[in-house]
Amino acid sequence: MSDSTALTITTNNGVFADPRNFNEGQRVAKALSSSTLVPPQYQGQAGYANALVAVDIAWRMRMNPLMVCQNLHIIHGRPSWSSQFIIALINGCGRFTPLRYEITGKGDDLACFCVATEIATNKDLKGPTVTMAMAKKEGWATKPSSKWQTMPELMIRYRAAAFWGRLFVPELLVGIQAEEEVIDVEPVNVKETTSAGSLQKLNEKIKQPIAETVEDAVVDDDELF
């Protein structure tokens, strides 16, 4: 595992690593939040903080911040990768041959698992099998308007790829689930504890011009909350 692929390792690449990075990260986040090319969760003042976190993730993974924003979706208050992005990470990391999808059966007997060959060892790595029976028992295929009902062969491939990734390259996914996984899980009600006054102070702080020097970028925690 290296700092180029693992978000969990402390490096000097992150936005929050030092004041200089934080200052530069704010500039990038403001540019992203002003763009209509990013999802609504990152747009405007309300999406600025999300954009800053996305920039931190991008820098730690050494990826383009715009690409991360376009593929890191916020669903039920939780970040989630698009399944296409997970597949691209696996196929593009250079450690494995492209994912192969082994599909059997039809209808309720439909099943799929992913296989990829580890280049260093020439060993085939087989992921967990996903079945329509599993999808129905877990409630994925029975939710109203579920894509499992209209395009099961695509959804079963996405889920099999996500399972393979979590098992063999967790450092690439950094613990973030696939978008379809989060959608299939019922949202959890979380009690709001942040005061309106604290949110107002944070919004006022975001509106202020970004510091031009590293010294100016150092902000007292008491000023934010």
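The values are calculated or read from the model by the stated rules, or taken from the named source; none is laboratory data. Remember, predicted model here, so these are calculated numbers, not experimental data. Heads up, the Cβs are rebuilt from the backbone with ideal geometry, glycines too, and the neighbour counts pull from every protein chain shown. Calculation scope for accessible area: heavy atoms of the full protein, side chains included, ligands and nucleic acids excluded. Shrake-Rupley method; radii C 1.70, N 1.55, O 1.52, S 1.80 Å.
Just a few scattered comments:
- Highlighted here are the helices (runs of 4 or more DSSP H) found entirely within the range 14-80 that include at least 1 residues which are open to solvent by 30 Å² or more (accessible area, probe 1.4 Å), at pLDDT below 95 and aromatic (Phe, Trp, Tyr): 19-33, 44-61.
- When VAL190 is tested against (1) at pLDDT 55 or above; (2) loosely packed, with under 11 Cβ neighbours inside 10 Å, only condition (1) is not met.
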